[in-house]
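Read-outs: derived from the displayed coordinates by stated rules, not from any lab. Treat the numbers as computed from the prediction; the structure is a model and nothing was measured. Quick reminder, even Gly has a Cβ in these numbers, built from the backbone with ideal geometry, and neighbours come from all protein chains shown.
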Amino acid sequence: MRKMFIAGNWKLNKTARETAEFAASLRRALPPAAHTEIAVFPAHTSLAAAVEALRGSSVGVGAQDVAWEDSGAFTGEVSGAMLKEAGCRYVIIGHSERRQLFGETDKAVNRKLAAALRHGLTPIVCVGETLAERDANRTLAVLDWQLKEGLKGFTAEQAAGWVLAYEPVWAIGTGRNATPQQAQEAQAFIRGFLIKQFGQAAEAMRIQYGGSVKPDNAAELLSQPDVDGALVGGASLEVAPFVAIILAAERAGTSRAAAAMNR
Ligand code: 13P
C-alpha cells in the first residue's frame, strides 16, 4: 500500500529567518499523521534553517533542484553532495517552471535523476502538459515523451522509492485545478508507463498531483486511486492551509489502509 505524501514546494519564497519561523509554527500545529509522509522544499539558502528547525519532527526537507554534475566550473549550481550534507532527503526534478522559464530539457531531467541517485536523494520527478497541449488532445503523448526521455536507462532497482508528480502547467498558480477525473486519468497513464518500464516495483511508487491544491479541493483529489499525495505550491506557504491538506491526506490514507485490510 502506498503511503500518502504531501510536499510543500515553496519556490522563490521565504528567507532563512522566515523558514525557521514557519517551521516552528508548523511543528506546533502538526497533527499525528501515521499514513502521510510530509516534506517542505525551501530555497537553497533556507535549507539549513529548515533542517535545524524540523530536526526530530516528522517533516522532511528537500531541495527544489540539483546540478547534474558533482563539482567543477558550473557557476550557480548546487550539487547532490551539498544538498545531502545540508540535510536534504529529497529533491524536486524537472518542475515545469524550470522547464518553461529556465530551459530545462528532458535530457537535463535524466542527468539530474542520475545525480540524485548517486547521492541518495529521493527525487520527485515532475511531468505535465501545457494548456495548448491539452486542448490539442496531446496530454498523454506529452506525458509519455517526458517520461520516456526523463526516466531513460534506469532500472527498477534504481527507481525504488522514486516519486512522480503530475503537474498540469495550466493548473499551476492559476487557481484552476485539474478535476479529480482529469488527475486520475493522467496519473493512471503515468502508472501504466512506470509498470511498463519498472514492472511490479511501479506499484509502490507514489504519484503526486500538483496544481492549485487547496484545503477545499484536496480531499476529492486525494481520494483517487492513483493520486498518492500532493505537491503543493501557494497553499504550503501558510501553516493553516498546509495542515488542512495534510489532514485531508491523512483521512485518505486511513481509508486506503482500511480498504487494504479488508481485501
Ligand atoms: P500551486 O499550488 O501554487 O498551483 O503550485 C503548484 C506547484 O507548482 C507545486 O510544485
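How high is the relative contact order of the chain, given as a whole-number percent (alpha carbon pairs under 8 Å, six or more residues apart)? Walk me through the numbers on the way to the answer.
On the way: 514 pairs, mean separation 58.3, N = 263.
Over the chain, the number comes to 22 percent.
With a/c under 1.5 counting as rounded, go ahead and sort segment 1-45 into rounded, prolate or oblate using the C-alpha gyration tensor (a ≥ b ≥ c being the square roots of the eigenvalues; past the cut-off, prolate if a/b is larger than b/c, else oblate). Walk me through the intermediate numbers first.
Values: a/c = 4.05, a/b = 1.59, b/c = 2.54.
Oblate shape, in that a/c is at least 1.5 and b/c is the bigger or equal ratio.
Summed over qualifying helices (DSSP H, 4 residues or more, each -39500 (n - 2.57)) and divided by its residue number, the chain shows a 222 nm mean residue ellipticity of -14000 deg cm²/dmol. Placing pseudo-labels 7 Å out from each Cα toward the beta carbon at Leu117 and Ala257 gives an inter-label distance of 3.3 nm. Here the Karplus curve 6.51 cos²θ - 1.76 cosθ + 1.60, taken at θ = phi - 60°, turns the phi angles of segment 112-125 into couplings of 5, 4, 5, 5, 4, 4, 4, 10, x, 9, 7, x, 10, 8 Hz, with x standing for Gly and Pro.
Which chymotrypsin sites (Phe, Trp or Tyr not before Pro) from segment 124-167 combine a DSSP loop assignment with at most 16 other Cβ atoms within 10 Å?
Values: sites: Trp145, Phe154, Trp162, Tyr166; in loops: Phe154, Trp162.
Those that pass, being in a loop and sparsely packed, are Phe154.
Size descriptors for segment 1-157 (Cα atoms only): Rg and Dmax, in that order, 16.6, 48 Å.
So what is the relative contact order of segment 152-263, in percent, for Cα pairs below 8 Å that sit 6 or more residues apart?
On the way: 154 pairs, mean separation 30.7, N = 112.
The normalised contact order for segment 152-263 reaches 27 percent.
Averaging the sequence gap over all C-alpha pairs within less than 8 Å and six or more residues apart, then dividing by the number of residues, gives segment 75-231 a relative contact order of 21 percent.
Taking the alpha carbon gyration tensor of segment 71-204, what are the square roots of 5 times its eigenvalues, largest first, to the nearest whole Å?
Values: eigenvalues 127, 70, 34 Å².
Largest first, segment 71-204 gives 25, 19, 13 Å.
Taking a ≥ b ≥ c as the square roots of the Cα gyration tensor eigenvalues, the chain comes out rounded, since a/c falls below 1.5. Note on Glu85 and Arg17: the model spin-label points, each 7 Å out from Cα along the C-beta direction, lie 2.8 nm apart. Quick one: Debye curve from the alpha-carbon atoms of segment 21-88 only, equal weights, vacuum; give me log10 I(q)/I(0) at q = 0.17, 0.19 Å⁻¹ to two decimals. Here log10 of I(q) over I(0) equals -0.64, -0.75.
The residues packed around Val127, meaning those with a beta-carbon under 11 Å from its beta-carbon, carry a net charge of -3 if Lys and Arg are +1 and Asp and Glu are -1. According to the Kirkwood relation over distinct C-alpha pairs, the hydrodynamic radius of segment 125-263 is 15.5 Å. Two numbers describe the Cα atoms of segment 158-234: Rg and Dmax, which are 12.3, 36 Å.
Using 0.36 nm per residue, how much length does the chain from Thr105 to Glu77 gain when fully extended, once their Cα-Cα distance is taken away?
Numbers: separation 28, 0.36 × 28 = 10.08 nm, distance 1.61 nm.
8.5 nm is the gain from fully extending Thr105 to Glu77.
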